[in-house]
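Report on the structure given below.
The values are calculated or read from the model by the stated rules, or taken from the named source; none is laboratory data. For clarity, every value in this text was computed on a predicted model and none was experimentally measured. All Cβ positions, glycine included, derive from the backbone under ideal geometry; neighbour counts span all protein chains shown. For the accessible areas, the whole protein counts, side chains as well, though only heavy atoms, and no ligand, DNA or RNA atoms are used. Shrake-Rupley method; radii C 1.70, N 1.55, O 1.52, S 1.80 Å.
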Amino acid sequence: MTDVTRNVATAAAATQTEPPPPSAQTPKPKRKAVVTGRKDFTGRQRVVIGTVSVITLFAVWEFVTRTFDIPVLFLPSISQIGGALAGSYEAGVLLPNALISINLFFWSMLLSLAIAIPLGIVIGAVDVLNRTFTTWLWAIYTSPRIVFIPLVLLWAGISTTAKVIIIIISAVPPATVVIIEGVKTVEGSLLRVARSFGASRQQALRLVVLPATLPYIGTGVRMGVSRGLVGLFGAELFTAHNGLGYLLLDASKRYQTPLVFGILGVYLLFCMTAIAGSSSLEKRLSRWRE
């Protein structure tokens, strides 16, 4: 590590973490505890509450469908949904297609974040790029993803490449705009310290802007994951040749309502797992600023 890099890192950390000494004439005010009325639960309590709520929902669902004799075409019972999923698994259909969707989403999100994180930092740090591209990113972010699908199908056809492109279009803009806004919040004093030690633009981005933007990067990852899941669902429905979307569309064409509900449940479980993982990452990246 060069002297400039070492000095910039040390000075930036000191500026960020060490508050200025209080004045002798002005006593330091006491912090008042804020009472929000919200009870914090432990991880085990959250698991217990979630499990109980799911079991209760399934029990009520089973009771209502059996008691009122609701047609299977409109609302199958939980036992019928479980039987349809078990049959699809035993036939060797459910697991391979689920793994295809998981694998596709994982690698597409890695590629999306590899694009969004450096893109957001660079655009947010360079004023000319910020004025040029931020509006376009917001336009793509706020547009419904379905409008891009016909164009992607013309480019890539019904293929895995088309799915990857749709997920990237869905995930990159929201993650990028959040990171851009995070770069704008970096304190000017940190950048002045970097310049005073002769840091280059690349060193300032790496040693000052990137650490200060970590909480926003975590939020951008969560936003990208949530939007990427929507892109995955749309991509697999419109380019249906494998994956959970293909199973869902095929089951709906065959009027297999229990299997449709079961695949939707698998989708929801996958979405909740992905969102929980991204939220955990966001909390870890934000913890150092507390």
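Things worth noting here:
- Test: Leu99 is surrounded by 12 or more Cβ atoms within 10 Å (Cβ to Cβ), free of Cβ contacts under 8 Å to residues at least 12 places away in the same chain and either of a type in the set (Lys, Arg) or in a helix (DSSP H, G or I) (or both): yes
- Positions within the stretch 233-290 being surrounded by 17 or more Cβ atoms within 10 Å (Cβ to Cβ) and among the charged types (D, E, K, R), in sequence order: Glu236, Glu282
- Among residues that are open to solvent by 30 Å² or more (accessible area, probe 1.4 Å), farther than 22 Å from Leu119 by Cα and touching a residue at least 40 places away in the same chain (Cβ under 8 Å), Ile158 is included.
- Helices (runs of 4 or more DSSP H) lying entirely in the stretch 1-92 (those with 2 or more residues that are at pLDDT 60 or above): 43-67, 78-90
- Residue among Val225, Val193, Val230, Val183 that alone is β-branched (Val, Ile, Thr), in contact with a Gly (Cβ under 7 Å, 6 or more places away or on another chain) and surrounded by 14 or more Cβ atoms within 10 Å (Cβ to Cβ): Val183
- Where Ser280 falls short, out of the listed (1) outside any helix (DSSP H, G or I); (2) under 12 Å from the mean Cα position of the chain (by Cα); (3) of a type outside the set (A, V, I, L, M, F, W, C): (1)
- The stretch 66-76, residues that are within 14 Å of Leu264 (Cα to Cα) and more than 32 Å from the chain's Cα centre (by Cα): none
- Within the stretch 117-132, residues that are polar (S, T, N, Q) reach partners that are at pLDDT 90 or above with beta carbons closer than 9 Å, at six or more positions or on different chains, in the pairs Asn130/Ile123; Asn130/Ile180; Thr132/Ile123.
- Phe74 passes every criterion in (1) free of Cβ contacts under 8 Å to residues at least 24 places away in the same chain; (2) of a type outside the set (Val, Ile, Thr); (3) out of contact with any helix residue (DSSP H, G or I) (no Cβ under 7 Å at 6 or more places or on another chain) apart from (1).
- Candidates in the stretch 227-270 are the residues that are within 23 Å of Ile169 (Cα to Cα) and of a type in the set (Gly, Ala, Ser); of these, the one that is modelled with the lowest pLDDT is Ala240.
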